[in-house]
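Please read the structure below before turning to the comments.
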Amino acid sequence: MQMARLAGKVAIITGAGRGMGASHARLFAEQGAKVVLTDLNAAAGQALADEIGAAAVFVKHDVTRLAEWPAVVDAAVTNFGGVDILVNNAGILGPLADTRDLTEEDYHLVCAVNQHSVFLGMKSVLPAMLKRGGGSIVNISSIAGMAANYGFPSLAYVASKFAVRGMTKATAMEFGKHNIRVNSVHPGFIQTPMMVEATDEVGGEALAQIPLGRIADPREVSNLVLFLASDESSYITGAEHLVDAGMLAH
Ligand code: NAP
C-alpha cells in the first residue's frame, strides 16, 4: 500500500472554513496530516474539524492580529507535537472598485488580510518549524500577484498578492539554510464562495481567457498545495507556482 503523502506532518491552514482552505484541509487529512484549521467563521471551521475528526482541531482566528497567532501555534504543538507546514490561505477580494473609488480603509483591510497576515503567520510559525528541523510554508497569492491586466480586482488586491510573492522569496532566501522551504501559489479562476460572491457567473468573455476553457474545482489547487507541503517538493523553494489553466501563458 502507498504511504500517505503527509504521514507524520502537522499543518496549520488559515481561512479553512470554506473554499480552497477547506479543500486543502480535507486533502491534507486524507493524506495523513494532522491539521489545525483557523478561520474567522467559527461555525464553518468547527464543522469541518468535526467532519475530519481526531486529525483536526479548529481555532477561531483573525489572521490580521499578531496577538491571536500564538494560540494557533500552541494548538498545533499541544495537540499534535509541533508544526511542519503552514498554508497562509485566508484572503479577501475587497471591493471591486477602481482606484478613484477605492477608500483608504478598504485598501488597508485588503492588505491586512492578504499581505500583512502572511508576514504574521510566517513570523509566528518559524520558531516552531526551526525546532522541528525544517518545514514548508505555502503562501496563497493569485494570478493577480503575477500580472495586473485582468480588470476586476482592485489595485489593493493586486498589490497585496504581488507582495505575497516577494515575501515568499525573501523568507525562502533567509531560511533555506534551516531546511524551511517557502513557495507561493497563484490560482486563476477557482469555484469558491469568494468567486461566486464576486461574480454570479463566469461567462463567455472570461472563459475565453482560459485556455482550458473552464473554472477549476478547489481540489485542483489543493493537489498543488499538497505537493508543495510534502517532502516530494524537497528541492523547490522561493518559487511561484501557477495553477491557472494557462491563463498567463500568453
Ligand atoms: P473564500 O471562499 O472567501 O474563503 C476564504 C476564507 O478566509 C473564508 O472562510 C473567510 O472567512 C476567511 N477569512 C477572511 N478573512 C479572514 C481573516 N481576517 N482571518 C481569518 N480568516 C479569514 O476564498 P477562496 O476563494 O477559497 O480563497 C482562498 C485564497 O485563494 C485567498 O487568499 C484568495 O485571495 C486566493 N485566490 C482565490 C481565487 C479564486 O478564484 N477563488 C483565485 C486566486 C487566489 P469568512 O467566511 O468569515 O469571511
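Readers should treat all values here as calculations from the given coordinates under stated rules, not as data from a laboratory. Bear in mind that the values here come from a model prediction, so they are computed numbers and not experimental data. Heads up, the Cβs are rebuilt from the backbone with ideal geometry, glycines too, and the neighbour counts pull from every protein chain shown.
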Could you identify the single residue in Thr78, Thr64 that is of a type in the set (S, T, N, Q) and more than 16 Å from the ligand (Cβ to nearest atom)? Thr78
Subset of the range 51-98, residues among the charged types (D, E, K, R), surrounded by fewer than 16 Cβ atoms within 10 Å (Cβ to Cβ) and touching a strand residue (DSSP E or B) at 6+ places or on another chain (Cβ under 8 Å), comes to none
Looking only at the range 119-138, count every residue that is surrounded by fewer than 22 Cβ atoms within 10 Å (Cβ to Cβ) and over 18 Å from Ala163 (Cα atoms) and tell me the total. 9
Just checking, which of Val182, Val138, Val125 is in a strand (DSSP E or B), in contact with a helix residue (DSSP H, G or I) (Cβ under 7 Å, 6 or more places away or on another chain) and away from the ligand (no atom under 14 Å from the Cβ)? Val182
Residue among Ala159, Ala90 that is in a helix (DSSP H, G or I) and within 13 Å of the ligand (Cβ to nearest atom): Ala159
Looking only at the range 1-60, and only at residues there that are polar (S, T, N, Q) and within 25 Å of Ile215 (Cβ to Cβ), the one that is nearest to the ligand (Cβ to nearest atom): Asn41
